[in-house]
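Since the structure comes first, as structure tokens, the remarks are kept for the end.
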Amino acid sequence: MVQSDVAQRHIRIDLAGFARDGLGDHAQIMALVREADALGFGGIWFNEFHFDRANLAHPSLLLLGAAVLAVTERLRFGTSILVLPLYHPLLLAEQIAQLDRQSGGRLDVGIGRGTNPQTFRTLGLDPDQARFRFDAALDIIRMALGDGVVTHDSPFWSFSNVSVGPPPVQCPHPPIYMAAVSRDSIDLSARLGLPLLYSLEPNESRQFAPYVAALTRQKQDGRALQASSLSRYVLVDRDRSAALDRLDALTHRLNVTRAQRAKVSGTAPPAPRTRAQMLEGFAVAGTPEDCVAQILALSDRFQTRSIRAFFSANGAIPVPQARDAMRLFAATVLPVLTISTLTKDTCP
């Protein structure tokens with residue numbers, strides 16, 4: 001175990017990024033989450049994408065969540081993100097409440113507007129209405145998960161005194177996180193006191209300062225900021241040189257990918273990132289002692305107690321290598337950070 005003179009903190013380390021790594025075999029995913037549960041990670045987050053038969057084995061996040069939560073005992077399941085404008089909010093609220101109850105209160109609900117206009121068009125929805133559908137859906141879902149009786153009237157949905165259940169286990173409802181990037185979405189998060197899911201590509205630099213400013217304007221306390229979840233690639237090895245070599249290899253691969261995407265979109269290629277830039281804004285890398293120091297520094301810098309670790313780097317790092325790193329991290333780093341997975345009280 002890493003020894004640290006720093007006072008122990010409850011910093012929750014979750015897993016993310018395995019949704020895009022070609023891990024299409026369901027049994028392999030279940031083996032991964034069982035091991036994550038046994039190793040002591042706080043939770044695991046999966047992304048929502050639709051209408052790509054060749055590449056998407058799990059387009060339904062809540063169906064995947066039901067499977068993950070059924071084979072684990074303490075690991076939490078997070079959605080990053082449910083695209084609210086795609087759903088009828090009453091049906092989605094029922095599914096969220098049921099999954100929270102089935103799991104004994106181990107569900108985290110990340111939400112957002114969505115970024116793929118083609119998905120909206122495929123479903124016959126106007127992408128330009130995404131913001132307004134999102135705002136209305138969030139209002140409905142919060143009422144449904146809270147009081148359970150919903151009345152709403154908008155251009156999208158209209159109903160009166162609908163009883164929505166079952167009651168969720170977590171009080172007042174499962175934790176809701178917003179993947180907010182635009183100023184109006186960040187302002188909404190702050191007004192409602194909802195924590196953010198900080199992005200990784202691009203990173204949190206476009207979110208953090210506006211969010212802090214919005215929380216200050218709304219006179220919110222520090223709870224939402226502490227609960228907000230930061231994202232980082234994690235490369236750990238007992239040999240620092242080996243870990244940094246892997247970081248360099250990942251940096252090169254990401255630089256190539258970013259240049260290719262720019263070429264496809266017809267935009268100017270971005271400047272290649274350096275190792276220093278990766279360590280500053282995208283990665284935690286080095287020995288277990290290095291990782292502890294870097295995570296504590298991130299916790300101080302962003303006032304957060306929650307980090308999503310991308311051991312597989314969205315598929316850029318082979319799964320066996322990522323799982324080896326998870327095991328080393330769990331044995332040496334997690335005990336120092338003293339994970340706390342409880343984010344909400346349970347209802348009577």
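No lab work stands behind these numbers, since they all come straight from the coordinates. This one's a predicted model, so the numbers in the text were calculated from it and none came from an experiment. Because the Cβ atoms are built from the backbone with ideal geometry, glycine has one as well, and the counts that use them run over all protein chains shown.
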Among the complete DSSP H segments of the chain, which ones combine at least 18 Å of alpha-carbon extent along their axis with a mean Kyte-Doolittle hydropathy of -0.5 or more? 26-39, 89-102, 130-146, 288-302, 319-332
Add +1 for every Lys or Arg and -1 for every Asp or Glu among the other residues with Cβ under 12 Å from the Cβ of PHE77, and state the total. -1
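So for VAL83, VAL162, fewest C-beta neighbours within 10 Å to most, what's the order? Could the numbers behind the result be given before it?
Numbers: VAL83 24, VAL162 15.
Ordered from fewest to most neighbouring Cβ atoms within 10 Å, VAL83, VAL162 come out as VAL162, VAL83.
Based on other C-beta atoms within 10 Å, arrange LEU250, LEU125 from fewest to most. Intermediate results must be reported in sequence, preceding the final value.
On the way: LEU250 20, LEU125 17.
If I rank by nearby Cβ atoms, fewest first, I get LEU125, LEU250.
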Can you tell me, using C-alpha contacts under 8 Å and at least 6 residues apart, the relative contact order of the chain as a whole percent? 24
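What ranking, highest mean first, results for peptides 146-153, 270-277 when packing means the other Cβ atoms within 10 Å averaged over each residue? Before the final figure, lay out each step's value.
Details: 146-153: 15.0, 270-277: 12.2.
Result, highest mean first: 146-153, 270-277.
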Under a 5 Å amide H to amide H cut-off, with H placed in plane at 1.01 Å, what residues pair with SER306 once short-range neighbours are removed? ARG12, LEU230
Quick calc, the chain, dipole around Cα centre from Cβ unit charges on Lys, Arg (+) and Asp, Glu (-), nearest 20 debye, gives 460
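Going by C-beta contacts inside 10 Å, put PHE282, PHE310 in order with the fewest on the left.
Numbers: PHE282 23, PHE310 29.
With the fewest neighbours first, PHE282, PHE310 line up as PHE282, PHE310.
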Karplus-derived HN-Hα couplings along the range 173-178 (A = 6.51, B = -1.76, C = 1.60, θ = phi - 60°), whole Hz, x at Gly and Pro: 6, x, x, 10, 10, 10
What does the net charge come to around PHE282 if you take all other residues with beta carbon closer than 11 Å to its beta carbon, with K and R at +1 and D and E at -1? 0
